[in-house]
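Enquirer: Before we start, here is the structure in question, set down as structure tokens.
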Amino acid sequence: MQKSSWITTPLLEERPRPNVEPIRDPSRWRPLALAWTLGGAALRLFGLRLHGRADSRAVGRLVRHTLEQLGGLWIKVGQLLGMRRDLFSADFCDALAILQDHATGFEFEHVRRIVEADLGRPIEDMYEVFEEEPFAAASIGQIHRARLRSNGVLVAVKVRRPTIDEIVHKDVRFVGSICRFAQRLHLVPAMRWADFYHELSRTLAEELDYRLEATAIRDMRRNLREHGVYAPKVFHDFSSKRVLVMEFVSGVLMSELLRVRERDPQLLDEWMTANCVEPSKVGRRLFQSLQRQLFEDNYFHGDLHPGNIVLMRNSRIGLIDFGSVGSLETDFLELYREMQRSVVQQKYAKAAEIFLLLGPELPPGDLELCKNELVDFMRSWALRARTRGIEFTEKSIGSAQSQMAAILARHKVPANWSFLRVIRAQLTLDSSLRALWPKMDYFKATLNYERSAARRRQRELLETLGYQLETLIDELPRLVHGATEQTFYELEWLRRRARHFSQTLSKAAMAGVMAFSVVGIATFIAALGVLLICLDQTGVSLPTSDRLNEYLDYAPRLPLELWYTLEAFLLVTLVQCWRVYRRFGEPDTQGGYRII
């Protein structure tokens, strides 16, 4: 559970609650109403073009306002359209990226009926306090704050709208008709309308069933704990398909920080000082976490906009709203990881070839021109990314990859929806990184991640080897027929020793430090003695004591070449001992010593 010492002081006053309106039954004429609204938007768009004012930003605002007016499924339609940066301009996609679900709340009597019907108990039996006024509202559901009676934990209760199933079902059929119509007429074939419709249906199916979101929160909470990022606890006993109960994560939303940063920077500085929040540290933690979600967990938060990032004391962060969580196909993930490594290593031709393979298919014809254009773009972007004073948007990896996707679209290479989801996650995070870490160097940040990932892989390998050794020893008594009782005891002793395999590694390293320090000291003394012998036998008078001169006289009279060779050997041995000593003495992430 979230510790009270993590909770920050408030930055803004409590945000206004949504208005509450009666629930209306879905109209059977809804398809006509949708056609009327969309037709009106099309006429306004035609008017903009007629008067020469149909620039990308104006068109994006018009589409966004229309979709916000329709709400529900259409918010998801806008978000999916905004992901197609390979087909639409950056201004148009940026306008859709800030889509907001301006939904009103619904009456508490519906909330009570749904909660009690799904859980089979009165609200008063489950909750000590249950705020009747909704804390937030969207087209699919709304959130109430409450306090559990069993443990007194403050929770967020997410309740689905009573009529949302029927509304979404009708709207999905309407969108399906539009997609089939566009596909038959070959309108914008690069849009791949069948894939668009499949992605929309999948996303809505996941968001309408809160049990799926509860599972996503549980899995992400386990993964994010390793990243130092907090996620709410889900209370499955109080959740169902239409009700989701999770811990209420207290703190300051990143969106609030951005608003205050524009209006009152001094107030923001005072708040960050009082709560020990270091912006660059928060930015690095967010970037590292997304990299781990993508490449190590293969389970990532797909909507990291500022409203889903919670800031806490001492630069801690939390994530909320896990309705958009995704994973990638293994083959795609391997290609994407290798492409990122190639970019960081400045192997742009290799990165371009891999980037072409990320799509679902390659069109016939020569793609050498497309590859050359990708290489030229990556070179120019890499120069900007390493240059100080350049605007963050120009050196952002999300922005770079969206422009690379646009290059593919110009050459008729289709984009992969998995890749578009990754771009969306990176671009939504960029709005926070721009404020937190404006001097971010993508190449250095990625190299730092690769080093830490390599250390984690090494540690996991050692743990796996220890586990396999323990398992093998566990199986030996059953594999060895007729083993004596003494043999069994010996195997049991080995099994117990195997349990501490990973712990003894650091002790072995400490022994190595001690051993090589002794060998190094002895080698140093021997090298010093041989040096004195060489100087003495060449006739150099040394300011030494009589006792030392007597010892030097006992040294055998060998050819000077042999003494010089021995001296060189001792010096090389001394250098090697020092290098191995330092290698053994390097601390690993678990506080022990590194094993070579």
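Readers should treat all values here as calculations from the given coordinates under stated rules, not as data from a laboratory. Source: prediction; values computed, not measured. As a convention, Cβ positions derive from the backbone with ideal geometry for all residues, glycine included, and neighbour counts pool all protein chains shown.
Enquirer: From the backbone phi of region 277-288, what are the Karplus-calculated ³J(HN,Hα) couplings (6.51 cos²θ - 1.76 cosθ + 1.60, θ = phi - 60°) in whole Hz, Gly and Pro given as x?
Expert: After applying 6.51 cos²θ - 1.76 cosθ + 1.60, I find 9, 9, x, 5, 5, 5, x, 4, 5, 5, 5, 4 Hz.
Enquirer: Put +1 on the Cβ of every Lys and Arg and -1 on every Asp and Glu Cβ in the chain; which of Q576, I114, T446 then has its Cα farthest towards the positive end of the dipole?
Expert: I114
Enquirer: What are the ³J(HN,Hα) values, in whole Hz, obtained from phi via the Karplus relation 6.51 cos²θ - 1.76 cosθ + 1.60 with θ = phi - 60°, for each residue of region 420-434 in sequence order, with x given for Gly and Pro?
Expert: 5, 5, 5, 4, 4, 4, 6, 5, 5, 6, 4, 4, 7, 4, 4
Enquirer: Using per-residue counts of other Cβ atoms within 10 Å, averaged over each peptide, order 130-138, 250-258 from highest down.
Expert: 250-258, 130-138
Enquirer: Right, another one. Would you mind classifying region 238-308 by shape? Square roots of the alpha carbon gyration tensor eigenvalues, ordered a ≥ b ≥ c; an a/c under 1.5 is rounded, otherwise it is prolate if a/b is larger than b/c and oblate if not.
Expert: Taking the square roots of the gyration eigenvalues as a ≥ b ≥ c, region 238-308 is oblate.
Enquirer: Enumerate the calculated ³J(HN,Hα) couplings along region 445-453 in order (Karplus 6.51 cos²θ - 1.76 cosθ + 1.60, θ = phi - 60°), each rounded to whole Hz, writing x wherever the residue is Gly or Pro.
Expert: Listing the rounded values in order: 4, 5, 5, 4, 5, 4, 5, 5, 5 Hz.
Enquirer: Taking the number of other C-beta atoms within 10 Å as the exposure measure, put C179, C276 in order starting with the fewest.
Expert: Exposure proxy ranking, most exposed first: C276, C179.
Enquirer: Which lysines have a Cα less than 27 Å from the Cα of K158, not counting those fewer than 8 places away in the same chain?
Expert: Once the sequence-local lysines are set aside, what remains near K158 is K3, K76, K170, K233, K241.
Enquirer: Work out the charge dipole of the chain with +1 on the Cβ of Lys and Arg and -1 on the Cβ of Asp and Glu about the Cα centre, then indicate which of S139, V243, L290 is farthest towards its positive end.
Expert: Selected residue: S139.
Enquirer: Which whole number in µm²/s is D for region 328-440 by Stokes-Einstein, with the Kirkwood Rh taken over Cα pairs at 20 °C and 1.002 mPa s?
Expert: After rounding, the answer is 147 µm²/s.
Enquirer: So if I place +1 on the C-beta of Lys and Arg and -1 on the C-beta of Asp and Glu, and nothing else carries charge, what would the dipole magnitude of region 22-103 be about its Cα centre? I want it in debye, nearest 20. Intermediate values should be presented prior to the final figure.
Expert: Details: 12 positive and 7 negative charges, 42 e Å.
Here region 22-103 has a charge dipole of around 200 debye.
Enquirer: Then there is this: Among (1) 1.04; (2) 1.25; (3) 1.31, only one was calculated for this model; which label is it, if the read-out is Cα Rg over 2.2 N^0.38 Å?
Expert: Matching the structure shown: (3).
Enquirer: Under the rule of at least 5 residues apart or a separate chain, name every residue whose amide H is placed under 5 Å from the amide H of L12.
Expert: Hits under the 5 Å cutoff: none.
Enquirer: Same structure, new question: Take the alpha-carbon centre of region 314-347, take the same for region 166-200, and report the distance between them in whole Å.
Expert: 29
Enquirer: Could I ask something else about it? Give the Cα extents of region 140-270 along the principal axes, in whole Å, largest first.
Expert: Answer, in whole Å and largest first: 57, 43, 31 Å.
Enquirer: Give me I525, I317, I123 ranked fewest to most by other Cβ atoms within 10 Å of their Cβ, as a rough exposure proxy.
Expert: Details: I525 11, I317 23, I123 17.
With the sparsest Cβ surroundings first, the list reads I525, I123, I317.
Enquirer: Still on this structure: Please give the charge dipole size of region 328-440, origin at the Cα centre, charges +1 on K and R Cβ atoms and -1 on D and E Cβ atoms. Round to the nearest 20 debye. It would help to have the intermediate numbers written out before the result.
Expert: Details: 16 positive and 13 negative charges, 120 e Å.
Dipole about the Cα centre, nearest 20: 580 debye.
Enquirer: Now, a different point. For V155, what residues show an amide H to amide H distance below 5 Å, using hydrogens built from the backbone and excluding near sequence neighbours?
Expert: Under 5 Å from the amide H of V155 lie the amide H atoms of A146, R147, L148, F248, each far enough along the sequence or on another chain.
Enquirer: Taking the Cα centre of the chain as origin and charging only Cβ (+1 Lys, Arg; -1 Asp, Glu), how large is the dipole, in debye to the nearest 20?
Expert: Working: 81 positive and 74 negative charges, 237 e Å.
Dipole magnitude for the chain comes out near 1140 debye.
Enquirer: Give the order of H301, H169, H227 when sorted by the count of other beta carbons within 10 angstrom, beginning with the fewest.
Expert: Exposure proxy ranking, most exposed first: H169, H227, H301.
Enquirer: Positive end of the charge dipole of the chain (Lys, Arg +1 and Asp, Glu -1 on Cβ, about the Cα centre): tell me which of P279, Q79, T215 has its Cα farthest that way.
Expert: In the chain, that residue is Q79.
Enquirer: Here is a follow-up. For a quick check: with amide H placed at 1.01 Å from N, whose amide H comes under 5 Å from V252's, ignoring anything fewer than 5 positions away on the same chain?
Expert: T8, L311
Enquirer: If packing is taken as the average count of other Cβ atoms within 10 Å, what order do 41-48, 21-28 fall into, highest mean first?
Expert: 41-48, 21-28
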